[in-house]
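A.B. asks: Input: one structure, supplied below.
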Amino acid sequence: MKIAFTKPEIPASGSYVVGVHEDRKLTKSATALDKRTRGQLLAAMAVSRFKGRKGETLDILMPRGVQARRVILLGLGKPADLGSLRLQRLGGALVAHLNRIGETNATVAVDAIADANPTIPTMAAQMAYGAKLRDYRFDKYRTNEKPDHKPTLKTLSFAVADMALARKLHAPLARIAEGVHATRDVVSEPPNVIFPVSFAERCKELEALGVKVEILDEKKMSALGMGALLGVAQGSARAPRIVVMEWLGAGAKADSRPVAFCGKGVTFDTGGISLKPAAGMEDMKWDMAGAGAVLGVMTALAGRKAKVHAVGVVGLVENMPDGNAQRPSDIVTAMSGRTIEVLNTDAEGRLVLADVCWYTQNRFKPVAMIDLATLTGAIIIALGHEYAGLFANNEDLAAGLLAAGKATGEKLWRMPLGDVFDRMIDSDAADVKNIAGDRGAGATI
C-alpha cells in the first residue's frame, strides 16, 4: 500500500473519508460534503447506529454531487482525545475497513480540531503511520489464497494543505514502521528458514543502511569464554552466532558510550533435554523475538538517520535435544567467569543473555543497556498479555521506558529485584544455578 499526501479536495475516484466526532458532530470537511450532497450524510446517520464514536464507520454508496463512488464517515470520538496514539489507531482501523469492503484507493480529509493539540500535518502523519503498521501481512508462503481474502487497498491519501510538512513529519515514522515490519518478518518466518546463521545474514543486510555489522562464530565465542551460550547451542546441528550491529549517527563519536540493545535469539526452543510438551511447541519459533526486536530497532534508527550512537547485540542459538545436548546438572562457565549449574535446559535464555550482556558491557561500556527477551512464560502468568515485564536497576531508565510504553501503547509493568531473589539461585555445586528450587517468582529468577 502506498501512502500519499494530496491537496484538500474531493477525489474523482475511489472513496472519500471524512471525520465525524462523537454525538454526530461533523468536521469542517464533512459539513461541506453534507451540503454538497444535499444532506445525505446527516440523513444516512439518522437511519443508522453510527454515532461518531472512535473507530466507527458508515459507508454511503454513490453519493450525490461527487464523483467518488463511496463516502466513508469515520468516527473520531471526543475531540480532546485525539492524541497521537488515537490517530494511529484510527489510521489502522481505516485500512482494515477499506480492505474489508474491497476498496483500492481512498482519500482522507484531515481537518483542524479545536480541542485537540495536533496540527493538521501532524494528524495526517500519525494516521498514515498507523495505516502503515496495520497494512502489514506475512503471506509469502500462501499459494492458494482466495482473491476475496487478499488486501485490495493500493493507495491511501491524506488531504492536507501543507503537504510538504506532512511528508516531512511522516518520513521518520515511516522508517519506524519499516523497523517494526523487519521484526515481524523475522519473527514470522519458520525455523527452517530463520536459524542462527540465516538470521545473522539478515542482520548483515543492514550494512546497506550504514550499520556496521560484525558476526562472531563458534571459534570466536569459544575464545571469549562464552560457555553459557555455547552450552545451549551444543545440542543443535545449527551453529550459533552472535551479531554486533553498530549505528554511529551524525554527530556521534566513535569513542562515545552508546546505548546498547541486547536480544535473546533462540531461533527454536524445544527445551533441550528438559523437553517441552508437544502442545504449543510450534510457537517456540518466536523465542527469537527479542533478537528480532533489536533488528527492528537498528533498522529504524539507521533508516531515520537518528543522531545517536547505538549498538545492538543478539545471541543466536537453537536449543535442541540431540546426543550432544546439554544435560540437567551440567556446569558451564560464563564469559564473566561465573559457573552455572544447569538444572533445567529449558531455562536457556538467561544462559544466552548472560554471555551476550557481559560481552556488550565489557566491549562497549554503554550508558544504558536494554535487554529484550521472550525470557519466561512466568511473566505471562503474572501480567497476562497486556503488559510486558520491566526489570530495571536504574530509576531514570525505568521511568523513561515506562513513559515510552504509555505513549506508544506498548505497556510495561515494573517488576521487583532484590538480594532475596539472588539467594534463591545459590547452588551447592557452582556459583549459581539456572533455576530456583520452586516456581515462586519465576519471572524474576
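The values are calculated or read from the model by the stated rules, or taken from the named source; none is laboratory data. The structure presented is a predicted model; accordingly, all values stated were derived computationally and were not measured. Note that we place each Cβ from the backbone using ideal geometry, even for glycine, and neighbour counts take in every protein chain shown. These accessible areas exclude ligands, DNA and RNA; they are computed on the full protein's heavy atoms, side chains included. Shrake-Rupley method; radii C 1.70, N 1.55, O 1.52, S 1.80 Å.
A.B. asks: What is the spread of the Cα atoms of the stretch 207-360 along each of their three principal axes, largest first, in whole Å?
C.D. replies: 50, 35, 20
A.B. asks: Using modelled amide H (1.01 Å from N, peptide plane; none on Pro or chain starts), what sits under 5 Å from the amide H of Leu372, excluding residues fewer than 5 places away?
C.D. replies: The list, which skips near neighbours in sequence, is Cys262, Gly263, Lys264.
A.B. asks: Report the full-extension gain for the segment Lys220 to Gln361: residue separation times 0.36 nm, less the Cα-Cα distance, to one decimal in nm.
C.D. replies: Details: separation 141, 0.36 × 141 = 50.76 nm, distance 1.73 nm.
Roughly 49.0 nm would be gained on extension.
A.B. asks: Could you tell me the accessible area of Lys140 in Å² (1.4 Å probe, neighbours in place), rounded to the nearest ten?
C.D. replies: So the heavy atoms of Lys140 present about 120 Å² to solvent.
A.B. asks: Right, next: Provide the per residue accessible area, probe 1.4 Å, for the chain, rounded to a whole number of square angstrom. Mind showing how you got there, number by number?
C.D. replies: On the way: 21770 Å² over 445 residues.
So the chain comes to 49 Å² accessible per residue, rounded to a whole number.
A.B. asks: Here's a follow-up. Quick check: at a probe of 1.4 Å, how many percent of the accessible area of the chain sits on carbon and sulfur atoms?
C.D. replies: Details: 11550 of 21770 Å².
After summing per-atom areas, the C and S share lands at 53 percent.
A.B. asks: At 0.36 nm per residue, and after removing the present C-alpha to C-alpha distance, how many nm does the segment from Ile101 to Ser256 gain when stretched out fully? Kindly include the intermediate steps, with their values, before the conclusion.
C.D. replies: Values: separation 155, 0.36 × 155 = 55.80 nm, distance 5.23 nm.
Here the answer is 50.6 nm.
A.B. asks: OK, next. Determine how large the accessible area of Thr57 is when every protein chain is in place; take a 1.4 Å probe and give Å² rounded to the nearest 10.
C.D. replies: Approximately 50 Å² for this residue.
A.B. asks: Ranked from highest to lowest mean number of other Cβ atoms within 10 Å per residue, what is the order of the peptides 406-412, 171-177?
C.D. replies: Details: 406-412: 12.6, 171-177: 18.3.
Sorting 406-412, 171-177 by mean packing, highest first, produces 171-177, 406-412.
A.B. asks: If Rh is defined by the Kirkwood formula over all Cα pairs and Rg also comes from Cα, what ratio Rg/Rh do you get for the chain?
C.D. replies: Working: Rg = 25.5 Å, Rh = 24.3 Å.
When Rh is taken as the Kirkwood radius, the ratio is 1.05.
A.B. asks: Now, a different point. If I stretch the segment between Ala403 and Phe391 completely, what's the gain in nm (0.36 nm per residue apart, minus their alpha carbon distance), one decimal?
C.D. replies: This chain segment gains 2.9 nm when fully extended.
A.B. asks: In the structure shown, do any of Lys204/Lys285; Lys2/Lys78; Lys7/Lys212; Lys51/Lys132 have a Cα-Cα gap over 32 Å, and if so which?
C.D. replies: Going by Cα-Cα distance, Lys7/Lys212 fall outside the 32 Å limit.
A.B. asks: Something else now. Would you rank Ile380, Ile72, Ile435 by solvent-accessible area, highest first, keeping every protein chain in place and using a 1.4 Å probe? List each step's numbers first, then the result.
C.D. replies: Numbers: Ile380 75, Ile72 0, Ile435 45 Å².
These residues rank, largest area first, as Ile380, Ile435, Ile72.
A.B. asks: To the nearest 10 Å², what's Asp255's accessible area with a 1.4 Å probe?
C.D. replies: Asp255 exposes around 130 Å² with every protein chain in place.
A.B. asks: Pop the C-beta distance of Lys150 and Asp422 into the FRET formula with R0 = 41 Å and round what comes out to the nearest 0.05.
C.D. replies: Details: r = 53 Å, r/R0 = 1.30.
Working from the Cβ atoms, E equals 0.15.
A.B. asks: Quick one: order Tyr136, Tyr387, Tyr359, Tyr141 from most to least accessible surface, probe 1.4 Å. Mind showing how you got there, number by number?
C.D. replies: Numbers: Tyr136 50, Tyr387 85, Tyr359 20, Tyr141 115 Å².
Descending accessible area places them as Tyr141, Tyr387, Tyr136, Tyr359.
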